[in-house]
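The next block holds one structure in the form of structure tokens; read it before the comments.
Coordinate-derived values only; no laboratory data. Note that the structure is predicted; figures quoted are calculated from it, not measured. All Cβ positions, glycine included, derive from the backbone under ideal geometry; neighbour counts span all protein chains shown.
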Amino acid sequence: MNLGPHAAFIWASYGAFVVIIVLLIGWTLFDGRRQARALADADRRGLRRRSADTTHERDGK
Amino acid sequence: MSAFLALLKRDLTLAVREGAALGTALGFYLVVVAMLPLGLGPDLKLLSRIAPGILWIALLLAALLSLARLFEADHEDGSLEVMATAPLPLELAVAAKALAHWISTGIPLALMAPVIGLMLNLDIALTPALIATMLAGTPAISFLGSVGAALTLNARRGGLLLALLVLPLYIPTLIFGISAIGFAGVAQHGFGASFLILLAISVASMAAAPVAAAAALRLQMS
Amino acid sequence: MSAFLALLKRDLTLAVREGAALGTALGFYLVVVAMLPLGLGPDLKLLSRIAPGILWIALLLAALLSLARLFEADHEDGSLEVMATAPLPLELAVAAKALAHWISTGIPLALMAPVIGLMLNLDIALTPALIATMLAGTPAISFLGSVGAALTLNARRGGLLLALLVLPLYIPTLIFGISAIGFAGVAQHGFGASFLILLAISVASMAAAPVAAAAALRLQMS
Amino acid sequence: MLHLHADNLSVERGTRTVISGLSFAAKAGEPLLVVGPNGAGKTTLIRTIAGFIKPSAGTIALKGDVGDRDIGERCHYVGHLTGIKANLSAAENLAFWATFLDGGTHDAIRDRVEEALSLFGLGALADYPAGLLSAGQKRRLGLARLSVAGRPIWLLDEPTVSLDAASTELLARLIEEHLVGGGLVIAATHLPLGLEEPVYLRLGAQAAADPSAEEEQP
Amino acid sequence: MLHLHADNLSVERGTRTVISGLSFAAKAGEPLLVVGPNGAGKTTLIRTIAGFIKPSAGTIALKGDVGDRDIGERCHYVGHLTGIKANLSAAENLAFWATFLDGGTHDAIRDRVEEALSLFGLGALADYPAGLLSAGQKRRLGLARLSVAGRPIWLLDEPTVSLDAASTELLARLIEEHLVGGGLVIAATHLPLGLEEPVYLRLGAQAAADPSAEEEQP
Amino acid sequence: MNPMQTLTQRLANPTRFMELSRAVLPWVAAGAALFIGYAMYLVFFVAPPDYQQGETVKIMYIHVPSAWLAMMGYAIVALSSFGLLVFRHPLADVSAKAAAPIGAAFTLAALITGSLWGKPMWGTYWVWDARLTSVLILFFLYLGLIALRSSLEDESLAGKLTAVLALVGVAILPIIKFSVDWWNTLHQPSTGFTSTVDPSMRTPLLISAVGFTLLFIALHLKGMQNEILRRRVKALRLAEVARGDRLASAGAE
Ligand code: HEM
Ligand SMILES: Nc1ncnc2c1ncn2[C@@H]1O[C@H](COP(=O)(O)OP(=O)(O)OP(=O)(O)O)[C@@H](O)[C@H]1O
Ligand SMILES: Nc1ncnc2c1ncn2[C@@H]1O[C@H](COP(=O)(O)OP(=O)(O)OP(=O)(O)O)[C@@H](O)[C@H]1O
Ligand SMILES: [Mg+2]
Ligand SMILES: [Mg+2]
């Protein structure tokens, strides 16, 4: 492919564009994983806690 | 005396009694402008050429940073809440405060500009044009800035954030302020057009900004 | 890990987690520089000539305003008092905080400068010199600024007053920073001399500023 | 005669519902005292009535001889903060609020201000910068606002904080005068205020669940 | 054994002399509780001992097996503020203070932090940003600092504020352990703290003038 | 019940939104990949060079979609802000928050690709004309939105104040759009690509624009999902902290 005298500018702009888009997609996916993991963790703790709660209350009564 | 005037008078009285605020703003203006020849080298021709632009930008910064506390005192001591339950709409109360800021800070800064301009070898013939454009443009600075001050009332990082939010809004004022001065050196009629646009921007922001600022304040009282 | 490193690490971690602080400083830098061509007119030759000076002054302002909160959080939540009773002298704690500010704000601002310089049509050949001088000069900005931040800890009107106090202290850094860049365009050996002076200023302020800042902090704890 | 009706009111703060399904009525002439433990939502309720906070459900309506102005503009809100400027004299502070809230000629305002200041025992301090006043004196100056501008509804949030016994007594008299004149008073408080026949509105889970709490409260 | 002696101490705040001619001694093993009405100067005294305030007259001296470090560096000062960063997790907060105040290897610090967190009932919340904790939990995290770094002198200013009964009990046990280990504790407080044989230091004009006040105080 | 209302109500409910968006997202993402891939094939192997600009016209196929999406992003932020302030729509804040960084990224992309196109075309990376300056201001507005939101402690207040700022800034959109017509500048005027541009270049451009718009939508949906999850995690953690407090005090009694 011959991009003429200004090939460097074309490659640079496509390169910069790809970097921005890849960062954006990558960060969004990473954030999604992170939140899903945190939610799973919070749910697990919540369940454990709640069951701990009930035993605690039963013990108390 | 109407409620609007009462508030205007109170803020002006406070500005006079707490004179340090104006002093700090003027000092900042002076220091920032004085740093320029140090940064650019003492080329008088260059300096006098860029003087109007520098004077405008430094004025924007000084006015802006002094706006950071526009609502803070009234917020901290509860006056803002009383104002919100007064017959005068909060929008007009905001307008009175912004107007007081213009009178107590905008006008002195505009009047000081030619004096400070001497350090930049500003062409003395430009003094009337400089003062006129600055007086016409500074109301927009106070009023648009009041929106930023209201938005950042509870924010950490006051000054920097305020500048980031508000400086972009100042760009039209800056452009027409400078172009008016530029014309003043050459043709009187170009000056007139830019000057009128500057006035129009000020009037428009006097009408629109209080609405947004009052909305931001109301949100923060809830 | 020593106490000094622990504090440095904590402040850097906080800077990363509260990333918006750096973002705000970079945004401010960008906005202030972008206003200049609007104020001076789009004369590319003129712009590229004054670019280094403008980049330096805007960097001073951005770094300075971001310094306003250097001790504020630690003061408000009581950390400062605990630090004052630690084996590490308060002077070194101040130094660790100023160093963290330099790493988290000074370095990114210095690295951004050439990119922002593109808007001012800065000569790309100057990039290495610009970055080198800024990296050498910004420690002085963080350390001298820490004195101002300590002095204005309890003052209202944070930003403006801080700038008024500290900007004059920045003048030597500014002068030698710019002269180094000026030489970089012409003669390598002039650059070396200015650059060394710049480094000397930074080292001197790293030694002296923490003493003054710690004294100011101690006074405000009593 | 003025009535204020709240119907099935719910208010959220952050993500929590602080007040839920609350209904009550306040009548002119009868002081309504809002009581309850810390964090029960007293301040929240007062600020909701004043219009600062929008309820998430329910309505607050004013009935009686009302004009078209909303509740906010027909009430005096006196919260924890006094709205006093340290760099204005006591008289200037009060004159500003009189003009701002009510208006009138210069002379009329001066007279009202003088009267209010001497009523609150601040006559001798009229020309002092308000910054020099003690906490209790500042508080009284803030309350003097009630008597320089007439408003039918008074919303008071812990009005007796930092007041000494004599001033508390004075405030009670002032409230009673206002009630006799057909006014409406809603006050959040931990103390009885010394009013004659107050109506209590109890907030907070504990107060509702535990009837014995009623004795503890004023 | 450690002794702290204050001799004829006077301290000024602004233009007032808050403490004048005060002498007292605190011995290791005996908790010294500073009591007195609001504004009596309790906080002022604690901060003077910690070295934040320079007394206008008199001396404070430490006797016993002391190195060359001054009092400030040999004490834990726990005031009204907690020194907790909202954006660090509870464990990170504590690990920072452990390193900063005492040092040690990474592993040693991790162990100490874990132990302290579970001691104060914060084990489950170790990895949460401290900003999410409630006021009482933040307070406990602040107190946990006492047990991650060893210091012979503890200066506590109203340490039980926002603590519930269980945590107050825990704090008392911690203080007693520290005393048994030869430590020195000086605490300003309005409550008895649940300690066994406290020594009281009474401040304030009323307390001094009116001996009956002694019964009222804890 | 009228169907319009049910739709709004369904969308207003974050749980329903999660279900719907989870179902839609893969299709949008796949569509984006397809269109972008096809557009890039056309750009690099089919589309001819411009008779005036030569091969540099290839930059157009990413520059113009980026510029459009920069403006569309702000429009989404502004509409969501309006929805939040006026209708108090629970998802509006989530939408505004998620759209801002994506819009900012496309604005940055438009600025960078434009600059790199400007050097060969105009001889400089940057000129201070109305179009370029107004896009730069748009970028500043995005930065301001993000900075303001992140410097307020109270999240719901932060959302509302940011919405006020977004509505104040909305004047920038017409300025960008018409700046080329109001002031003569170096920059290409908006043509709408209906008449002047040759179809051999118009088709790839349109396909590329559709592809990146789908990408924007996919990222926006995913970002909104992430934000909803984040809020749930925070609510759960707060609940756990509160429960810990209650247990502690119950244990003490
Ligand atoms: C940093 C510099 C630049 C910026 C910020 C910029 C910004 C924009 C924007 C916002 C649009 C969308 C206009 C609309 O839809 O109304 C646009 C379109 C366009 N730009 Fe740029 N641009 C830049 C540089 C350039 C350069 C150097 C060229 C080519 C010489 C160029 C050519 C175009 C073309 C052909 C369009 C499509 C116009 C149309 O809508 O018909 N741009 N640009
Ligand atoms: N801005 C806010 N955001 C979130 N929660 C809040 C806010 N303001 C108050 N709250 C919470 O709402 C509840 C009620 O607070 P409110 O101030 O109305 O209580 P109160 O009855 O006035 O208490 P007090 O007797 O202490 O004055 C409290 O749990 C408080 O923490
Ligand atoms: N920085 C200061 N400047 C001037 N006066 C001060 C200052 N700090 C405290 N004071 C005054 O010193 C006196 C003692 O204050 P201190 O805080 O020591 O009292 P305290 O015994 O701790 O009271 P409390 O029980 O309310 O905590 C008070 O009258 C207070 O007003
Ligand atoms: Mg309350
Ligand atoms: Mg105290």
Exercise. What base-10 log of the normalised intensity I(q)/I(0) is obtained for the range C:2-221 from the Debye formula, alpha carbons as equal point scatterers, at q = 0.08, 0.14, 0.15 Å⁻¹?
Worked result: -0.29, -0.83, -0.94
For this session: Kindly give the distances from B:Ala193 to its copy-mates, label point to label point, with each label point 7 Å from Cα along Cα→Cβ, as nm values to one decimal ordered shortest first.
Result: 5.2
Exercise. Of B:Leu199, B:Leu38, B:Leu122, which has the largest mean-square fluctuation in a 10 Å C-alpha GNM of chain B?
Worked result: B:Leu38
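Place a +1 charge on the Cβ of each Lys and Arg in chain C and a -1 charge on the Cβ of each Asp and Glu, then give the dipole magnitude about the Cα centre in debye, rounded to the nearest 20.
Roughly 180 debye, rounded to the nearest 20.
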Exercise. Efficiency by 1/(1 + (r/R0)^6): what FRET value for F:Trp27 and D:Ala25, r their Cβ-Cβ distance, R0 = 41 Å, to the nearest 0.05?
Worked result: 0.15
Exercise. Among E:Val148, C:Val94, E:Val199, which comes first, then next, by fewest other beta-carbon atoms within 10 Å?
Worked result: E:Val199, E:Val148, C:Val94
Seminar exercise, completed: Taking the label point 7 Å from Cα along the Cα-Cβ vector, the copy-to-copy distances for B:Ala34, listed from shortest in nm with one decimal, are 3.2
For this session: Any chance you could give the angle, 0 to 90 degrees and rounded to 10, that helix D:106-119 forms with the longest Cα principal axis of chain D?
Result: 70 degrees
Exercise. What is the antiparallel percent of DSSP beta bridges lying wholly in the protein assembly as shown, to the nearest 5?
Worked result: 50 percent
For this session: Kindly give the distances from D:Asp127 to its copy-mates, label point to label point, with each label point 7 Å from Cα along Cα→Cβ, as nm values to one decimal ordered shortest first.
Result: 7.0
Problem set entry | Under 14 Å, Cβ to Cβ, from E:Pro159 - net charge with Lys/Arg +1 and Asp/Glu -1 | +1
Exercise. When Cβ neighbours within 10 Å are restricted to other protein chains, what is their mean count per residue of peptide E:84-94?
Worked result: 3
Problem set entry | Sorted by Cβ neighbour density within 10 Å, fewest at the top, the residues C:Ser66, F:Ser115 | F:Ser115, C:Ser66
Exercise. Given H placed 1.01 Å from N in the peptide plane, which residues other than close sequence neighbours of D:Ala57 have an amide H under 5 Å from its amide H?
Worked result: D:Ser10
Exercise. How compact and how long is the range F:84-140, expressed as Rg and Dmax of its alpha-carbon atoms in Å?
Worked result: 15.9, 49
Problem set entry | Cα→Cβ-extended label distance, 7 Å offset, between B:Ala200 and D:Ser118, nm | 5.9 nm
For this session: Return the single residue from C:Met119, C:Met35, C:Met206 with maximal mean-square fluctuation; model: Gaussian network over chain C, springs between Cα atoms under 10 Å.
Result: C:Met35
Problem set entry | Cα→Cβ-extended label distance, 7 Å offset, between A:Arg34 and E:His3, nm | 5.8 nm
Problem set entry | Distance histogram in 10 Å bins (all Cα pairs of the range B:48-175, percent per bin) | 13, 40, 30, 13, 4, 0
Problem set entry | Positive-end extreme of charge dipole, chain C - chosen from C:Ala62, C:Ala110, C:Val33 (charges on Cβ) | C:Val33
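Evaluate the charge dipole of the protein assembly as shown about its Cα centre and quote only its size in Debye, nearest 20, assuming +1 on the Cβ of each Lys and Arg and -1 on the Cβ of each Asp and Glu.
For the protein assembly as shown, the charge dipole is close to 3140 debye.
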Seminar exercise, completed: Expected sort for B:Arg156, E:Arg16 with the fewest Cβ neighbours (10 Å cutoff) up front is E:Arg16, B:Arg156
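Can you divide the C-alpha Rg of the protein assembly as shown by 2.2 N^0.38 Å and report the result to two decimal places?
Computed over Cα atoms of the protein assembly as shown, the ratio equals 1.00.
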Seminar exercise, completed: Between the modelled labels at E:Lys63 and F:Ser156 (7 Å from Cα along Cα→Cβ) the distance in nm is 6.2 nm
Problem set entry | Expected 222 nm ellipticity per residue - DSSP helices of 4 or more, -39500 (n - 2.57), all of chain C, to 500 | -26500 deg cm²/dmol
Seminar exercise, completed: Rounded to whole angstroms and listed largest first, the alpha-carbon spread of the range E:3-202 along its three principal axes comes to 49, 36, 34
For this session: Give the long-range amide H neighbours of D:Ala188: residues separated by 5 or more places, or on another chain, with amide H under 5 Å away, using H modelled in the peptide plane at 1.01 Å from N.
Result: D:Val34, D:Leu156, D:Asp157, D:Glu158
Seminar exercise, completed: The farthest towards the positive end of the charge dipole of chain B, of the residues B:Ala125, B:Ala150, B:Ala213, given +1 on Cβ of Lys and Arg and -1 on Cβ of Asp and Glu, is B:Ala125
For this session: Specify which residue in the list D:His190, E:Leu122, C:Thr173 is farthest towards the positive end of the charge dipole of the protein assembly as shown, using unit charges on the beta carbon of Lys, Arg (+1) and Asp, Glu (-1), about the Cα centre.
Result: C:Thr173
Exercise. Based only on Cα atoms, what Rg/Rh ratio does the range C:11-56 have, Rh being taken as Kirkwood's radius?
Worked result: 1.20
Exercise. What does a probe at E:Tyr200 reach in the range E:23-52, counting residues whose amide N is under 13 Å from the point 7 Å along Cα→Cβ?
Worked result: E:33-37
Problem set entry | Per the axis that maps chain B onto chain C, nearest residue of B (Cβ criterion) and its distance in Å | B:Gly159, 2
Exercise. Counting each DSSP H run of 4 or more residues in chain D as -39500 (n - 2.57), what helix-only mean residue ellipticity at 222 nm follows after dividing by all residues, to the nearest 500 deg cm²/dmol?
Worked result: -10000 deg cm²/dmol
Problem set entry | Under Karplus coefficients 6.51, -1.76 and 1.60, residue-wise ³J(HN,Hα) of the range B:38-49 in Hz, glycine/proline x | 5, x, 9, x, x, 7, 5, 5, 4, 4, 5, 5
